[in-house]
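The values are calculated or read from the model by the stated rules, or taken from the named source; none is laboratory data. Computed from a predicted model, the values in this text were never measured in an experiment. Cβ coordinates were reconstructed from backbone atoms using ideal geometry, including for glycine residues, and neighbour counts include every protein chain displayed. Areas reflect the complete protein model, heavy atoms only, side chains present, ligands, DNA and RNA absent. Shrake-Rupley method; radii C 1.70, N 1.55, O 1.52, S 1.80 Å.
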Amino acid sequence: MKAFTDQELDTLTLVEGALALNAAVEPATSLHWVRAELELLAKEADHLLAGETNDELRLDGLLRLFYKEWGFKGDFEQYFSSDNAFVEKVLRRRKGIPVSLGAVFLFFAHRLDLPLQPVGYPTQLILKANWLDREAQYINPFDGEYLSQRVLRGWLIGKEGPSAEVKPEYLESSDNATLIGRWLAVVKSALLREENYAMALRCSELALTFSPDDPYEIRDRGYIFQQLKCDWVAAEDYEYFIAQCPDDPAAELLKLQVKVLTAEAPIFH
């Protein structure tokens, strides 16, 4: 499986970087179709909006086109489905989650030279419009609505408690490598929920190309190996985690798991 460096990811658009990783996780991904569809929609957006010289009005026009005319929307019913995290499926279904919808929307915004950037807000990806003559605006890519400071703080309160405040660093633009790392974690979690352990393992292996010694990622890989009946390999990953994080509450439980796993004959795959 090809490893991607942070520098390589940052030379691509966010959607292209995500698409490359999607294809590494799911080799059946139709890269040609995705790129053709993105190009087709980008040309339509350019045709409809290029005549508008005001950037704010063009952004409003793109929001209407994307969410009303093209029908992209957040998937409320199956939010945690892996379908919402793979670019090809998002384009085919016109449904997704903030990170996937935001990446696709950014592709069109940048083709129109709109000053829009991704922000890895603590609760989800949001989009930031940097205007020259006024304060920045923030957009929720899940539904295309503008976000007030009150809503942004409300999200944080739901996550961190009533004393949470919106810190300036929370609203800084994020680099592609950071966002794709978070995206990869979302894909892995979805695949684990769906018990698709073979593809989840690919996610874990990709994550470890970015952080080879991350004990928590290695612990997660051990869990996946255990589900795949690779008991001795799972035990090795658990032992690494225990050695690196002896005070973690999970360490004692994993010690018991290691004893069980290593008591049986190894299964080779």
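Compared with the dominant Cα axis of the chain, that is its longest principal axis, helix 149-160 is turned about 10°.
The Cα-based radius of gyration of segment 116-180, divided by its Kirkwood radius, gives an Rg/Rh of 0.95. Taking only alpha carbon atoms, segment 63-157 gives an Rg to Rh ratio of 0.96, where Rh is the Kirkwood radius. Residue separation of Gln149 and Ala198 scaled by 0.36 nm, minus their Cα-Cα distance, works out to 13.5 nm of gained length.
Kirkwood hydrodynamic radius of the chain, from the reciprocal of the average inverse Cα-Cα distance over all distinct pairs: 20.3 Å.
Show which aspartates and glutamates lie in cross-link reach of Lys128 when reach means a straight Cα distance below 15 angstrom and same-chain residues fewer than eight apart are skipped. List returned: Asp55, Glu56, Asp60, Asp113, Asp143, Glu145, Glu169, Glu172, Asp175. The long axis of helix 197-210 is offset from the longest Cα principal axis of the chain by roughly 80 degrees. Taking a ≥ b ≥ c as the square roots of the Cα gyration tensor eigenvalues, segment 213-262 comes out oblate, since a/c reaches at least 1.5 and a/b does not exceed b/c.
For the chain, the longest principal axis of the Cα atoms and the long axis of helix 231-244 meet at an angle of about 80 degrees. Here segment 129-269 is treated with +1 on each Lys and Arg Cβ and -1 on each Asp and Glu Cβ, and its dipole about the Cα centre works out to around 300 debye. Considering helices alone, the calculated mean residue ellipticity of the chain at 222 nm is -18000 deg cm²/dmol, with DSSP H runs of length four and up weighted by -39500 (n - 2.57) and normalised per residue.
Distance between the modelled labels on Thr123 and Gln78, one decimal in nanometres: 2.6 nm (7 Å Cα→Cβ projection). Taken per residue, the accessible surface of the chain reaches 52 Å², heavy atoms only and a 1.4 Å probe. Descending by average beta-carbon neighbour count within 10 Å, the peptides 122-132, 147-157, 100-110, 163-173 line up as 100-110, 122-132, 147-157, 163-173, the highest first. Counting only DSSP beta bridges with both residues in segment 8-158, the antiparallel share comes to about 85 percent. For segment 55-118, the share of accessible area belonging to carbon and sulfur comes to 47 percent (1.4 Å probe, ligands and nucleic acids excluded). The Cα-based radius of gyration and maximum Cα-Cα distance (Dmax) for segment 19-86 are 15.0, 42 Å.
Can you give me the C-alpha center-to-center distance between segment 133-171 and segment 193-269, rounded to a whole angstrom? That distance is 36 Å. Along its three principal directions, the equivalent ellipsoid of segment 1-152 from the Cα gyration tensor extends over semi-axes of 24, 18, 16 Å, largest first. The calculated P(r) of segment 95-253, using every Cα pair and 5 Å bins from 0, goes 1, 8, 14, 15, 16, 13, 12, 10, 6, 3, 1, 0, 0 in percent.
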